[in-house]
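Nothing in this text is a laboratory measurement; each read-out follows from the coordinates by a stated rule. These figures come from a predicted structure and were not determined experimentally. No Cβ is skipped: glycine too gets one built from the backbone with ideal geometry, and neighbour counts run over all protein chains shown.
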Amino acid sequence: MRRRFEVVVMLKPGMADPQGRAVEDALPTMGWSGLTNVRVGKHVELTVEADSEDAARALVEQVADRLLSNPVIEDYRILSAEEVR
Amino acid sequence: MSGPRVAVITFPGSLDDRDALRAVRLMGGTPVLVWHRDRDLGGADAVILPGGFSYGDHLRAGAIARFAPVMAAVAEHAERGGPVLGICNGFQILCEAGLLPGALTRNVGLAFVCRRIHVRCETSATVFTSTIAAGEVLPVPVKHGEGRFVADPETLARIEGEGRVVFRYCSPAGHLGGEWNPNGSTNHIAGIANDRGNVVGMMPHPEHAVDPDVGPTGGQPMFESLLQAVPAGV
């Protein structure tokens with residue numbers, strides 16, 4: 001069975017995010033207001049071949065832990081796992 | 001050439017491997033080229049992970065390089081107490097590989113910095129600073145976009161408490177302050193060591209600072225320390 005996973009990787013809360021800050025600082029210069037706490041992260045999609053959803057998710061968690069995120073500075077969450085043909 | 005053999009690893013995207021090899025040769029060592037797919041260090045006594053953008057810095061700086069085949073040999077060498085120096089991208093790789101604590105993140109202000117700066121040596125208790133007095137100021141260049149050292153509070157307290165901060169960014173006179181810190185690094189940290197002092201990572205580039213014909217020579221003492229230490233069987 002093939003499943004398509006989405007993994008979102010974000011800097012940990014409280015970790016300075018210069019990219020988010022740069023985006024936030026650009027907003028008022030473009031005339032937008034009322035927008036705060038901009039954070040920039042990564043969105044990773046990947047297809048997993050595994051016997052069960054649990055096995056697939058366990059594999060994605062392992063990959064997210066060891067490669068997609070750096071646990072020193074980042075958290076990740078797995079958003080979805082849709083079956084694909 | 002008969003000096004100690006110092007390996008320099010070339011990853012795809014490494015930029016400073018040639019300068020590191022040249023610095024080793026100028027300082028009296030025997031440079032050894034090692035490719036990232038190699039499984040050994042070519043019989044080298046010490047190893048340098050050079051600066052650059054290994055694997056395009058994709059995902060995170062150093063995140064892919066830490067899984068390169070040669071990194072198992074680097075970890076074994078470090079475990080045996082062999083000298084390992086990570087410069088810039090090499091520092092990022094050592095952190096990603098878990099051979100040094102903490103991480104290097106995007107510079108405050110987002111700007112890529114490329115200029116001559118000064119660092120203050122904080123400890124002589126590493127294989128790369130044994131001939132440098134604590135408090136000595138070295139002029140060296142930096143060039144990076146992701147050099148802001150961070151670590152969780154416990155790790156930071158341990159590194160500071162154990163005297164494992166090797167270099168801090170400083171004024172030419174050795175004073176600390178935000179204006180001398182090019183990337184917003186925590187506690188002005190420019191370089192750290194592992195607990196045994198045989199693995200050092202730093203963002204500034206000592207290998208670009210050994211030849212008086214092309215700039216400051218603040219990198220020379222680090223190579224002198226290394227080349228003195230290696231024959232002693234460190």
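Averaged over the residues of A:66-76, the number of partner chain Cβ atoms lying within 10 Å of the residue Cβ comes to 5. Note on chain B: helix-only mean residue ellipticity at 222 nm, from DSSP H runs of 4+ residues weighted -39500 (n - 2.57) and normalised by residue number, equals -5500 deg cm²/dmol. With contacts taken as Cα pairs under 8 Å and at least 6 residues apart, the stretch B:5-232 reaches a relative contact order of 20 percent. For chain B, the share of DSSP beta bridges that are antiparallel, to the nearest 5, is 60%.
For chain B, the mean projected area of the C-alpha convex hull, equal to one quarter of the hull surface, is 11.3 nm².
Per residue of B:62-73, other chain Cβ atoms within 10 Å of the residue Cβ number 1 on average.
Applying the Karplus relation 6.51 cos²θ - 1.76 cosθ + 1.60 with θ = phi - 60° to the stretch B:55-63 yields 3J(HN,Hα) values of 6, x, 6, 4, 6, 8, 4, x, 5 Hz, where x marks Gly and Pro. You can think of it this way: the chain between A:Ser80 and A:Lys42 has 12.2 nm of extra reach, that is 0.36 nm per residue less the Cα-Cα gap.
Less than 5 angstrom separates the built amide H of B:Thr105 from those of B:Gly147, B:Arg148, B:Phe149, B:Val150, all sequence-distant by 5 or more or on a different chain. GNM on chain B, alpha-carbon springs under 10 angstrom: the most fluctuating residue among B:Cys88, B:Cys114, B:Cys170 is B:Cys114. Legend: Rg and Dmax of the stretch B:19-112, from Cα coordinates, 13.6, 43 Å.
Quick one: in the stretch A:2-84, what % of C-alpha pairs are over 21 Å apart? Don't jump to the answer; show the numbers that get you there.
Numbers: 1460 of 3403 pairs.
Tail of the P(r) past 21 Å holds 43 percent of the pairs.
Per residue, the convex hull around the alpha carbon atoms of the protein assembly as shown comes to 155 Å³. Would you mind pulling out the separation of the Cα centroids of the stretch A:30-54 and the stretch B:9-76, in Å? Computed from Cα coordinates, the inter-centre distance equals 33 Å.
Considering only A:Pro13, A:Pro71, A:Pro28, the mean-square fluctuation computed in a Gaussian network model of chain A, springs between alpha carbons under 10 angstrom, is largest for A:Pro28. Computed from label points 7 Å out along Cα-Cβ, the spacing between B:Ser171 and B:Trp35 is 5.1 nm.
When each of the peptides B:50-56, B:152-158, B:200-206 is scored by the mean number of other C-beta atoms lying within 10 Å of its residues, the order from highest to lowest reads B:200-206, B:50-56, B:152-158.
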